[in-house]
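This report concerns only the one structure given below.
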Amino acid sequence: MPAQSVNGIEIHYDLTGGGPRTCLFVHGSGGSTMSWIRQLQGLADTTRVVALDLPGHGQSGGEGCSQIEDYVRLVRAFAETAQLGKVVLGGHSMGGAVAQAFALAHPERLDGLILVGTGARLRVLPKIFELLRSDYPEGVRFINGRAFSSSTAQALKDAARARSLETRSHVTIGDYTACNGFDVMERLGALRIPTLVIGGEDDQLTPPKYARYLARTIPGAVLVMVEQAGHYVHLEQPEVVNQAIRAFLATLAAR
Ligand code: COA
């Protein structure tokens, strides 16, 4: 996996595909580029796809953050250093919070926004913090047990759980702290960026009402709700999600 030094931190990223347009994807709490593996593989024939490991995550150096704005600064510096130009910024869960905050702060740097399994406000159940602090594997198990549709294959859930356990506990706790402090419900109406919102009908962590709120509040946003999918909709139903992204990118090309 290539790496880029960003503000003195080695940031690892995956890159597939090519072409004039770039989709830059940001993972969620305790995650890594692996969260976007099906988009890195499945969209490479359509666009350049980049997914990064946030600091302290995956193969990147440094430490995680506990505020969304700090991740926004890092993503902005990464896009600049890697000379990505204007991007379509996609984010899952906490990554979706980063994408929304980025869009509010730096709209001129974006061609579009893709919000997957996320919300305009991401309060976290106190029990998640309690378990992550007292018994990290149990906390990961609790979250994982609510992160997928009941129709999703057990192997996918097990793989996601194993990956989450590789992230150090304080990094994951920092991510959930960042989520808990995130709230742009009153600000999203000001966005003027083409936006695609994708939600899983069975999502218990960022329920369907969160996706519907985003689509209702961001002017012109397109909503795609996916059946038999939970919080990891982009891993659970990758073909449906990739088709929605393709269609969205085509509308951008036609502008
Ligand atoms: N989009 C739309 N509506 C939202 C929202 C969002 N992102 N976040 C909160 N709301 C709504 C709630 O549904 C609630 O509406 P209601 O009064 O009609 O029921 C209202 O705003 C107040 O919400 P909130 O202050 O967050 O408190 P809550 O009483 O809904 O419960 C939690 C807090 C933590 C129990 C709840 O947010 C939850 O279940 N979250 C999902 C589980 C979790 O921890 N996910 C991890 C996210 S990273």
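Tabulated data
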{"quantity": "Qualifying positions in segment 85-100 - open to solvent by 10 Å² or more (accessible area, probe 1.4 Å) and over 12 Å from the mean Cα position of the chain (by Cα)", "calculated": "Gly85, Lys86"}
{"quantity": "Residue within segment 64-82 that is open to solvent by 20 Å² or more (accessible area, probe 1.4 Å) and closer than 14 Å to Gly31 by Cα present", "calculated": "yes"}
{"quantity": "Enumeration of residues in segment 127-141 that are under 14 Å from Gly181 (Cβ atoms) and either touching a strand residue (DSSP E or B) at 6+ places or on another chain (Cβ under 6 Å) or loosely packed, with under 13 Cβ neighbours inside 10 Å (or both)", "calculated": "none"}
{"quantity": "Test: residue in segment 200-211 that is over 17 Å from the mean Cα position of the chain (by Cα), of a type in the set (D, E, K, R), closer than 27 Å to Gly145 by Cα and in a helix (DSSP H, G or I)", "calculated": "yes"}
{"quantity": "Filter pass, Leu235 being away from the ligand (no atom under 12 Å from the Cβ) and assigned to a helix (DSSP H, G or I)", "calculated": "yes"}
{"quantity": "Qualifying positions in segment 210-220 - more than 10 Å from Leu115 (Cα to Cα) and touching a strand residue (DSSP E or B) at 6+ places or on another chain (Cβ under 9 Å)", "calculated": "Tyr210, Arg212, Tyr213, Arg216, Ile218, Pro219, Gly220"}
{"quantity": "Pairs, first of a type in the set (Val, Ile, Thr) in segment 177-202, second surrounded by 24 or more Cβ atoms within 10 Å (Cβ to Cβ) and in a loop (DSSP other than H, G, I, E, B), C-beta under 7 Å, six or more apart", "calculated": "Thr195/Ile218"}
{"quantity": "Residues of segment 101-147 satisfying the condition of being more than 25 Å from Thr217 (Cβ to Cβ), within 21 Å of the chain's Cα centre (by Cα) and away from the ligand (no atom under 14 Å from the Cβ)", "calculated": "Arg141"}
{"quantity": "Complete set of residues in segment 185-195 that are within 14 Å of Thr118 (Cα to Cα) and open to solvent by less than 10 Å² (accessible area, probe 1.4 Å)", "calculated": "Leu188, Thr195"}
{"quantity": "Residues that are within 11 Å of the ligand (Cβ to nearest atom) and under 18 Å from Gln237 (Cβ atoms), drawn from segment 198-211", "calculated": "Gly199, Asp203, Gln204, Leu205, Thr206, Pro207, Pro208, Tyr210, Ala211"}
{"quantity": "Residue match in segment 6-23 (condition: within 17 Å of Val233 (Cβ to Cβ) and either surrounded by 24 or more Cβ atoms within 10 Å (Cβ to Cβ) or touching a Phe, Trp or Tyr at 6+ places or on another chain (Cβ under 9 Å) (or both))", "calculated": "yes"}
{"quantity": "Condition check for Arg48: among the basic types (Lys, Arg) and within 14 Å of the chain's Cα centre (by Cα)", "calculated": "no"}
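Here's the yes/no breakdown for (1) within 23 Å of Ala159 (Cβ to Cβ); (2) open to solvent by 50 Å² or more (accessible area, probe 1.4 Å); (3) at pLDDT 95 or above:
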site: Arg212; (1), (2), (3): no, yes, yes
site: Pro219; (1), (2), (3): no, yes, yes
site: Val222; (1), (2), (3): no, yes, yes
site: His231; (1), (2), (3): yes, no, yes
site: Gln237; (1), (2), (3): yes, no, yes
site: Asn242; (1), (2), (3): yes, no, yes
site: Ala253; (1), (2), (3): no, yes, no
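The values are calculated or read from the model by the stated rules, or taken from the named source; none is laboratory data. As the structure is a prediction and not an experimental result, all values here were calculated from the model. Neighbour counts are summed over all protein chains in view; Cβ atoms, including those assigned to glycine, are modelled from backbone coordinates with ideal geometry. Note: areas computed on protein heavy atoms with side chains; ligands, DNA, RNA excluded. Shrake-Rupley method; radii C 1.70, N 1.55, O 1.52, S 1.80 Å.
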